[in-house]
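Colleague: Here it is, the structure in full.
The values are calculated or read from the model by the stated rules, or taken from the named source; none is laboratory data. Everything numeric in this text was worked out from a predicted model, so none of it was measured. Cβ coordinates were reconstructed from backbone atoms using ideal geometry, including for glycine residues, and neighbour counts include every protein chain displayed. Protein only, heavy atoms only, side chains kept; ligands, DNA and RNA dropped before computing areas. Shrake-Rupley method; radii C 1.70, N 1.55, O 1.52, S 1.80 Å.
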Amino acid sequence: MPALTISIAPAPPAAASRRGPASVAALWRRCMGSLLLPLVALVALLALGLLAAPVRAAEPAVVVVEAASSRLSLDGRFELREDRERRLTPDELLSPGPGWQAAPDAPLNLGHSPSAWWLRMSLSNPGPDPVHRLLQIDNPRVDRLDVHLVREGGEARHWVTGDRLPYASRPVPHHAFVFPIELRAGETVQLLLRVDSHDGYLMLMPMSLLSDAELQADTQRHTLLMGLYYGGLGLLLLYHLCLLGSTREPSFATYVAYLGALIACRVHFEGHAAQYLFRDAPWAVNQGLLLAYSASVVLFGLLLRVNLREFLATRPGLRRTCLALIALNALPIPLALAGHYALTVQLINPTTLLGIVFALGLCAAAWRQGWRHTRWFLAGAGFVLLGLLAERLRLASVLPDTPLFAYAMALGSVLEALCVAVALADAVNRLKADKLAAEQLAREAESRLNEQLGALVQERTLALEAANDRLARLAITDELTGAHNRRHFDAELAQALAQSQRGGGALGLCLFDIDHFKGYNDRHGHPAGDEVLRTVTLAVMSTAKRASDQLFRIGGEEFALLMAGRDQQAMLQFVEQLRAEIEALGIAHAGLPAGVVTASFGLAWCPAPPAGAAPSAGVEPQALYRFADALLYRAKAQGRNRVMGGTFDPSATSPTALAELH
């Protein structure tokens, strides 16, 4: 948040001195113009987040807890019920009845609610061994939690805890809330959670079941990150405390107090205050968080005002606005002392956002006027704004509860504190800052070159993938007709037959060829014959439009059609339709009785195994092919231009064992 400079402020730029002080109205317009982009970004983020909010209406299922699963998220896996009068009991809630609703498929966030809320889920251990898990509610700021673990025959465990109760009420020592869950072999238990608030502010509650090792790993990771956070800010605090002792500069005192407020805010926010400092004083935990947060915002405003005092001296309108926003952000302090937690939070959110956005606009306006050192304040305020937005949107379940967003505010405050330290160094050593700026330009140029190279590589990669796709299509396509080729037919026939025998439904294989096609070629020439093949293919493909219909050219004038999803009679009718459409093309062929090009068809219908029957073993695709080919030759033998169909028996040992022909 705040940024700090030494007491000797840099002189205004020469250009500004020649022009004289700008009018208050003009500067105000510039400041508000600088505010426009952050405000638009804020509204866009909120709108996108609200539009992307997940909606879930499905009934929650029993949560299966397996021994091999070390982490199991419970978000969206429970039922939710509002207890407006706070009179419901576990016995009433365990009985079937109305009032329950499915939880959203996201970490639970009840927002501001005057009611208590009940959560209900079933935990089942289907394995032969008992399972020990830890229920983690990863929010150390829940006011009150009642957890009931109910087995068959009565309640087994009951815990009552919360951040408004002494730390000793927690069953497992941890900065968040952790409860031991024991599941016997083959056991299903009921888990009831009652969530209540001191004054109606119910926050984000990510819940998960963890193994001991997983919880330990999470705790170690959290401890490491927070140790880095506390250590980094602590070193900055000690360093500037030494500078304060040697220089007696008031700006350093304000900055040291600001760093202390940041550390205190995070200690309370992460639950470490309850764990280590105020184990028997929960009131200090809740009030301390709000006091530290409000103090950090106020101290940030004071630091900004001190470091821009020369700029604000000739701009009374901006100076009064800055003081008014500092006073506005100080209002939550007495509310926090009075214990109005929810009201304080509701007031803190808009006042903090307004103050930070104003700081962004003020720093941008000063930078445009030539006050270069304000760019560090601008960056610091930007980091804090991004961190605050991410934190608020995560708490509102707009952003996912990932480590990046969970620690966004801490990361933003660290980056802001570093920006403040850099601002001090910038005020002392301008030449070094110029060198850093030149290096930054070089990094940006390198980044642009890398982006251009990456874009070129991506373009070439996409072109190569497109070429590979075209080659793959050509490898399975008949070049003359556009139908699939014989190689693809062999693979698809084997796959379709195997799927049919596994219960995928009946399969039909239809072989057909153009009657006396050699005579047509001899009479009209091969180019005309090729055109007939293309015309017939187009006619069949325009009729066989179902996704399960596949046309193949398997030899000169011979074609195959694979069909699924139809019964035998429907397939016969469909193939008869194809025969009639080929004849209706009216392609002249003097060598045939009809005087036009016709085709003969052999349709083999392979039924699916009966329901509950084991799949037939050893059904060869070639057996089905030979059966269809025999039917095709029978159609030719009986005069051509006709359809001969039969039922293929997979258990038959000879393809000549034909069923009744249609």
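Colleague: When you scan the range 385-412, how many residues do you find that are within 23 Å of A365 (Cα to Cα) and either open to solvent by 40 Å² or more (accessible area, probe 1.4 Å) or at pLDDT 75 or above (or both)?
Modeller: Residues of the range 385-412 within 23 Å of A365 (Cα to Cα): 385-389, 412.
The next check asks that each one be either open to solvent by 40 Å² or more (accessible area, probe 1.4 Å) or at pLDDT 75 or above (or both); those that pass are 386-387, 389, 412.
Residues that pass the stated criteria total 4.
Colleague: Out of G380, G288, G301, which single residue is open to solvent by less than 20 Å² (accessible area, probe 1.4 Å) and at pLDDT below 80?
Modeller: Being open to solvent by less than 20 Å² (accessible area, probe 1.4 Å) and at pLDDT below 80 holds for just one of G380, G288, G301, which is G380.
Colleague: Could you say whether any residue in the range 156-167 is farther than 18 Å from A274 by Cβ, open to solvent by less than 10 Å² (accessible area, probe 1.4 Å), outside any loop (DSSP other than H, G, I, E, B) and in contact with a strand residue (DSSP E or B) (Cβ under 6 Å, 6 or more places away or on another chain)?
Modeller: No, because not a single residue in the range 156-167 is farther than 18 Å from A274 by Cβ, open to solvent by less than 10 Å² (accessible area, probe 1.4 Å), outside any loop (DSSP other than H, G, I, E, B) and in contact with a strand residue (DSSP E or B) (Cβ under 6 Å, 6 or more places away or on another chain).
Colleague: Could you grab the pairs with beta carbons closer than 9 Å, sequence gap of 6+ or different chains, first residue in the range 74-102 and under 20 Å from S124 (Cα atoms), second one among the basic types (K, R) and surrounded by fewer than 18 Cβ atoms within 10 Å (Cβ to Cβ)?
Modeller: G76/R56; A102/R56
Residues checked against (1) more than 18 Å from C419 (Cβ to Cβ); (2) open to solvent by less than 20 Å² (accessible area, probe 1.4 Å); (3) in contact with a Ser or Thr (Cβ under 9 Å, 6 or more places away or on another chain):
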{"position": "R221", "(1), (2), (3)": "yes, no, no"}
{"position": "Y230", "(1), (2), (3)": "yes, no, no"}
{"position": "L237", "(1), (2), (3)": "no, no, no"}
{"position": "H240", "(1), (2), (3)": "no, yes, no"}
{"position": "T247", "(1), (2), (3)": "yes, no, yes"}
{"position": "P250", "(1), (2), (3)": "yes, no, yes"}
{"position": "A253", "(1), (2), (3)": "yes, no, no"}
{"position": "H272", "(1), (2), (3)": "yes, no, no"}
{"position": "L277", "(1), (2), (3)": "yes, no, no"}
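Colleague: Right, here's the next one. Go through (1) at pLDDT 85 or above; (2) in a helix (DSSP H, G or I); (3) out of contact with any Pro (no Cβ under 7 Å at 6 or more places or on another chain) and name the single condition A472 misses.
Modeller: Result: A472 passes all but (1).
Colleague: What's the number of the condition E557 fails, among (1) in contact (Cβ under 8 Å) with a residue 40 or more places away in the chain; (2) surrounded by fewer than 19 Cβ atoms within 10 Å (Cβ to Cβ)?
Modeller: So E557 meets the others, but not (2).
Colleague: Of the numbered conditions (1) open to solvent by less than 40 Å² (accessible area, probe 1.4 Å); (2) part of a helix (DSSP H, G or I), E214 satisfies every one except a single condition; which is it?
Modeller: All conditions pass for E214, except number (1).
Colleague: Here's another thing I want to ask about it. Being within 26 Å of H373 (Cβ to Cβ), of a type in the set (F, W, Y) and buried (at least 23 other Cβ atoms within 10 Å of the Cβ) is true for just one of Y258, Y293. Which residue is that?
Modeller: Every option except Y258 fails the conditions.
Colleague: In addition: Against the condition of a type outside the set (A, V, I, L, M), in contact with a helix residue (DSSP H, G or I) (Cβ under 9 Å, 6 or more places away or on another chain) and over 18 Å from G412 (Cα atoms), how does T352 come out, does it pass? Spell out the reasoning first.
Modeller: Working: of a type outside the set (A, V, I, L, M): yes; in contact with a helix residue (DSSP H, G or I) (Cβ under 9 Å, 6 or more places away or on another chain): yes; over 18 Å from G412 (Cα atoms): no.
No: the conditions fail for T352.
Colleague: I've got another one for you. Which ones in the range 462-501 are under 36 Å from the mean Cα position of the chain (by Cα), more than 19 Å from M541 (Cα to Cα) and not aliphatic (A, V, I, L, M)? Lay out the reasoning, then the answer.
Modeller: Of the range 462-501, the ones under 36 Å from the mean Cα position of the chain (by Cα) are 462-473, 495, 499.
Right, trim to more than 19 Å from M541 (Cα to Cα) and you get 462-472, 495, 499.
Scanning the range 462-501 gives E465, N468, D469, R470, Q495, Q499.
Colleague: Shifting gears a bit: For the range 219-242, give me each residue that is touching a residue at least 60 places away in the same chain (Cβ under 8 Å) and touching a Leu at 6+ places or on another chain (Cβ under 9 Å).
Modeller: Y229, G232, L233, L236, H240, listed by residue number.
Colleague: Here's another thing I want to ask about it. Give me a count of the residues in the range 280-326 that are of a type in the set (D, E, K, R) and touching a helix residue (DSSP H, G or I) at 6+ places or on another chain (Cβ under 8 Å).
Modeller: Looking only at that region, the number is 4.
Colleague: Search the range 253-277 for residues that are farther than 28 Å from R170 by Cβ and free of Cβ contacts under 8 Å to residues at least 12 places away in the same chain and pair each with any residue that is of a type outside the set (D, E, K, R) and surrounded by fewer than 24 Cβ atoms within 10 Å (Cβ to Cβ) when their beta-carbon atoms are under 6 Å apart and the residues are at least 6 apart or on different chains.
Modeller: These pairs meet every condition: A253/L244.
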